[in-house]
Ligand code: FEO
C-alpha cells in the first residue's frame, strides 16, 4: 500500500496472539507496522515485524521493489515485535546497512549478533534517499532506552516507533482517513497505559521535541497511520503522559463470596446519587487488569477494596495495585475499604499501598467484619460522598 509518493506500508496483522508481551489481551489483534521508502536513489526499510510473519512480510517488500536491493534498515526500536526480522532481512538483503544509534547496536549484538555495515546516527543526523531526506531524533524510554524516531522532511512523515501506537489489527485500510477509527481510541489508551504508562516524563520530552516538526502524517509501529486525526492522537498521548484524568471513579474490588462486593455496590450507588456519572466497577478476578489499568488512566478517582486473604490483600487486588504502582501514576485520588472474617489485614495493607502509590487519599476507609452492618452501610456512603466532593472541586 503506497501511503505517500514512494512510501509504502509493508506491515502485518496478528490476529492469533492471545497476549501481547505474554501479558495483555488482544481482542482486536495487533499490527506490526513497517514502512518501505522506495526512493529514486536509495531504498530504506523502517523497522521490521515479528519474525513469525517474515514470509508474508518479505512478499510484501518484494511486491513493492521486485529485485531491487534495500540500502538501509532503519531501526527505531529494538523490542522484538519490531526487530524480530532483522536477521532474516539481513540474510535476504546481505548488503543492507543497519541504521541506529549507539544503544541500538548494543541490542542488535545481544539479540541477533548480526554483522555487516552499520551507520551509527545521533540526534539530528540526516540521511538523504533521493527525493526523501530522513532526520533522526532520539526519544529514550519511549519505550526502551534506544528508541528514536525518524522524520521524513520531504513529506512531513514521522516514523514514530511505539509512540502514538495502539492495539488493534488493521482491517483493510491502513491510513485513518480511509477507515472507521472508532475501535482504536480505547485501544490506544489501553496500549499506552499497559505498555508505555510508566514513561510519562520521557513521552512529554519526546512530544516537546516533535512539537517543532511540521508533521503531516504519523507512522507508528502499531495501529493506523494517522493523517486526519493527528491533533487528537497527539492530544491523547499528551494527556495520558501528563496523567491528566476525566471526572469519574474506578471501583476495583476483590471478593470471594460477594460480601465485599456489596460494599462496592453501596459506594457506586452513592457516587451516582452525588452526581458522578462515570463510574466503572471492576471485579478484579473477572476483568483482565489490562482493561482496569486503562480505566485508572482515564478517570481521576480510584476506590479499591478487598477481603483479607491469608493475612494479606486479596491476591488479585494486590496484583492490580502493584501494576498501578509500577506506572508511577500521578494526579489521582484514592479511597479504600476492606473486610475480614476473623483477623483483619486488608485495610491496613491497603493503607500501605495508598502510601506507596502517593495518591491523595479521601474519606475514611471502611472496614467490614464478615458481612455489611448498618454502620458499614453508612460508612461506605460517607466514603463515596468524600470522593464525589473531592472530584466536584475540579468542576469548572
Ligand atoms: Fe511495539 Fe516497544 O514494541
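Against the conditions (1) within 16 Å of the ligand (Cβ to nearest atom); (2) closer than 16 Å to residue 74 by Cβ, residue 121 satisfies every one except (1). Restricted to helices (runs of 4 or more DSSP H) entirely inside segment 173-249, those with at least 2 residues that are more than 13 Å from the chain's Cα centre (by Cα) and within 16 Å of the ligand (Cβ to nearest atom) are 200-211.
The test for being closer than 23 Å to residue 128 by Cβ, in contact with a strand residue (DSSP E or B) (Cβ under 6 Å, 6 or more places away or on another chain), away from the ligand (no atom under 16 Å from the Cβ) and not in a helix (DSSP H, G or I) holds for residue 99. Condition test on residue 332, is it surrounded by fewer than 23 Cβ atoms within 10 Å (Cβ to Cβ), within 24 Å of the chain's Cα centre (by Cα), within 23 Å of residue 276 (Cβ to Cβ) and at pLDDT 95 or above? Criteria met by residue 332.
Residue under question is residue 366, and the condition is that it be within 20 Å of residue 245 (Cα to Cα) and in contact with a strand residue (DSSP E or B) (Cβ under 7 Å, 6 or more places away or on another chain); does it hold? Answer is no for this residue. Residues considered: 49, 10. Of these, the only one that is farther than 17 Å from residue 175 by Cβ, in contact with a helix residue (DSSP H, G or I) (Cβ under 9 Å, 6 or more places away or on another chain), modelled with pLDDT of 95 or more and buried (at least 19 other Cβ atoms within 10 Å of the Cβ) is 49.
Is it the case that some residue within segment 142-160 is away from the ligand (no atom under 16 Å from the Cβ), surrounded by 20 or more Cβ atoms within 10 Å (Cβ to Cβ), part of a loop (DSSP other than H, G, I, E, B) and more than 19 Å from the chain's Cα centre (by Cα)? No, segment 142-160 has no match at all. Out of all the residues in segment 20-37, is one or more touching a residue at least 12 places away in the same chain (Cβ under 8 Å), away from the ligand (no atom under 16 Å from the Cβ) and either within 25 Å of residue 61 (Cα to Cα) or part of a strand (DSSP E or B) (or both)? Scanning segment 20-37 turns up at least one residue that is touching a residue at least 12 places away in the same chain (Cβ under 8 Å), away from the ligand (no atom under 16 Å from the Cβ) and either within 25 Å of residue 61 (Cα to Cα) or part of a strand (DSSP E or B) (or both). Summed over segment 57-96, the residues that are more than 16 Å from the ligand (Cβ to nearest atom), in contact (Cβ under 8 Å) with a residue 24 or more places away in the chain and part of a helix (DSSP H, G or I) give a count of 10. Number of residues in segment 335-360 that are within 23 Å of the chain's Cα centre (by Cα) and exposed (fewer than 14 other Cβ atoms within 10 Å of the Cβ) equals 2. Within segment 202-225, the residues that satisfy the criterion of being touching a residue at least 60 places away in the same chain (Cβ under 8 Å) and under 14 Å from residue 328 (Cβ atoms) are 202, 203.
The values are calculated or read from the model by the stated rules, or taken from the named source; none is laboratory data. From a predicted model like this one, the values you see are computed outputs, not experimental measurements. With ideal geometry, Cβ positions are generated from the backbone for all residues, glycine too; neighbour counts draw on all protein chains shown.
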